[in-house]
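The values are calculated or read from the model by the stated rules, or taken from the named source; none is laboratory data. What you see is a predicted model, and the numbers here were worked out from it, not measured in a lab. FYI the Cβ positions are ideal-geometry reconstructions off the backbone, even for glycines, and counts take in every protein chain you see.
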Amino acid sequence: MQDQVTEKLVDYPFVRDSIIDPAPDLARLRTDAPIHKVRLFGGGEAWLVTRYQDVRSLLGHPAFGTQYPGSIPTADVDNLAAGFMFLKDPPDHTRLRRSVTRAFTARRIAELRERAQEITDGLIATMLAKGPVVDLQEEFAYPLPISIISELLGIPPEDRGQFRGWADIVLRSVSGAAEDAGTAFMDLQRFVVKLVDGKPDGGDLLSDLARQSDQRDGLTRLEISSMAMGLLMAGYVTTASAISHGLLRLFDNPGVLDRLRAGEIEIEHVVEELLRLQDEEIGIQRIAQSDVDICGVRIKMGETVIASRVGANRDSAEFANPDAMNVKADRSPHLAFGHGIHHCLGSALARMELAVALGTLLTRIPEIRLADPPHQVEWRAEGMDVSIERLPVAW
């Protein structure tokens, strides 16, 4: 074996004491044991891969898939999550992705950018009316991505608040913190199925997919429902978190913030660095479809491997001074959106939302700052859920 592998299991995700920085265990393992057996939250074991080149290789390797070898993927109205595209392997994944890719073309993103700007301007106007102190999470970071993904899918405005309530409960259930998660998940599934079944001939993504459902390679109504649910969940929570974490990191880097406000650096380059430094340790899980060597270690068929994006994006072999915010146009590409056939389909949409949200916020409210000292920011780390609870800002 080319690398040292320690037999002692460590618990994953790691215990952390900062909302800004990842647990120090990650850097230690990347140096001492870049592939290491971990004990997963909720039970089970997996191999954790932490170096950039190894993570990139793993995510592009055909011997690793999302399903157990020999399993028959299914989805039904009682478990739409089983049909999520990111849980599929080819050929199903190829067909599903091809059907929805047209929603994320450069032209469609440009059209959505205009609407995202309108929504952002409206939210900031409301913040200014309520200020000079507001909770950024409640007034901006949460409602913006919900509104944009709802516009994409064609969800009526009157239903968006209800969706957020269900989604919040389901997401907290990942850490075991929501006792009513089962009921919320079923309510959310029924909502999505009803939404898809009642879709009119509109110009949104769900209407487009519904019109194709009778074609040879069209998606079934059940597949469309699974797709909608997956996009809703992913498009909401990840972007909301990136907005609040991104602004908090900018507050922690006043030099970068000053350069951005002065127009010395572009918001798009700042967004890329914020994405690289994103420290929510939700690794990408893959399952070996056959015995395979990676990092000099033999992974047996059926074993779980987790690719740590946080570990990869802070690898000093790839990024100079990797824990510092260094806005450069020529940085190596980060792996915040994954790699390979499962590379995040909505990456362009997420980048656009972050650029519009943070750029407009800092332009419209140039005096914006944390209302409380950084150490008083309320956050939680429960299982795989690492999130900011409240982010009071002032101006």
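Is it fair to say residue 359 is touching a helix residue (DSSP H, G or I) at 6+ places or on another chain (Cβ under 9 Å), crowded, with 19+ Cβ neighbours inside 10 Å, assigned to a helix (DSSP H, G or I) and not aliphatic (A, V, I, L, M)?
Values: touching a helix residue (DSSP H, G or I) at 6+ places or on another chain (Cβ under 9 Å): yes; crowded, with 19+ Cβ neighbours inside 10 Å: no; assigned to a helix (DSSP H, G or I): yes; not aliphatic (A, V, I, L, M): yes.
No; evaluated as a whole, the condition is false for this residue.
Give me a count of the residues in the stretch 53-97 that are at pLDDT 80 or above, part of a helix (DSSP H, G or I) and more than 22 Å from residue 335 (Cα to Cα).
First, pick out the residues of the stretch 53-97 that are at pLDDT 80 or above: 53-67, 88-97.
Now drop any that are not part of a helix (DSSP H, G or I), which leaves 53-60, 92-97.
Filter once more, keeping what is more than 22 Å from residue 335 (Cα to Cα): 92, 95-96.
Count: 3.
Let's see how each residue does on (1) modelled with pLDDT of 95 or more; (2) over 22 Å from residue 333 (Cβ atoms); (3) of a type in the set (A, V, I, L, M):
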residue	(1), (2), (3)
234	no, no, yes
239	no, no, no
243	yes, no, yes
268	yes, no, no
272	yes, no, no
275	yes, no, yes
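Just checking, which of 273, 268, 280 is touching a residue at least 24 places away in the same chain (Cβ under 8 Å), touching a strand residue (DSSP E or B) at 6+ places or on another chain (Cβ under 8 Å) and closer than 21 Å to residue 324 by Cα? Break it down stepwise before answering.
Values: 273 fails: touching a strand residue (DSSP E or B) at 6+ places or on another chain (Cβ under 8 Å); 268 fails: touching a strand residue (DSSP E or B) at 6+ places or on another chain (Cβ under 8 Å).
It is 280.
Could you tell me whether the stretch 315-331 includes any residue that is polar (S, T, N, Q), touching a residue at least 60 places away in the same chain (Cβ under 8 Å) and surrounded by 15 or more Cβ atoms within 10 Å (Cβ to Cβ)? Quick ask: steps written out before the conclusion?
So the first thing to find is which residues in the stretch 315-331 are polar (S, T, N, Q), and the list is 316, 321, 326.
Now narrow it down to the ones that are touching a residue at least 60 places away in the same chain (Cβ under 8 Å): none.
Scanning the stretch 315-331, I find no residue that is polar (S, T, N, Q), touching a residue at least 60 places away in the same chain (Cβ under 8 Å) and surrounded by 15 or more Cβ atoms within 10 Å (Cβ to Cβ), so the answer is no.
Scan the stretch 363-395 for residues that are surrounded by fewer than 18 Cβ atoms within 10 Å (Cβ to Cβ), outside any strand (DSSP E or B) and touching a residue at least 24 places away in the same chain (Cβ under 8 Å) and jot them down. Outline the logic, then answer.
Just the residues of the stretch 363-395 that are surrounded by fewer than 18 Cβ atoms within 10 Å (Cβ to Cβ), to begin with: 363-367, 369-370, 372-376, 378-380, 382-384, 389-390, 392, 394-395.
Remaining after also requiring outside any strand (DSSP E or B): 363-367, 372-376, 383-384, 395.
Within the stretch 363-395, 364, 365, 366, 367, 374, 383, 384, 395 meet the criteria.
Let's see how each residue does on (1) of a type in the set (Gly, Ala, Ser); (2) buried (at least 20 other Cβ atoms within 10 Å of the Cβ); (3) modelled with pLDDT of 90 or more:
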residue	(1), (2), (3)
180	no, no, no
184	yes, no, no
202	yes, no, no
205	no, yes, no
217	no, no, no
227	no, yes, no
259	no, no, yes
265	no, no, yes
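Answer yes or no: is there a residue in the stretch 306-314 that is in contact with a Ser or Thr (Cβ under 6 Å, 6 or more places away or on another chain), polar (S, T, N, Q) and either under 30 Å from residue 98 (Cβ atoms) or at pLDDT below 95 (or both).
The first filter runs over the stretch 306-314 and keeps only residues in contact with a Ser or Thr (Cβ under 6 Å, 6 or more places away or on another chain), leaving 308, 311.
Filter again for polar (S, T, N, Q), leaving 308.
Next, from what is left, pick out any that are either under 30 Å from residue 98 (Cβ atoms) or at pLDDT below 95 (or both): 308.
Checking the stretch 306-314: at least one residue is in contact with a Ser or Thr (Cβ under 6 Å, 6 or more places away or on another chain), polar (S, T, N, Q) and either under 30 Å from residue 98 (Cβ atoms) or at pLDDT below 95 (or both).
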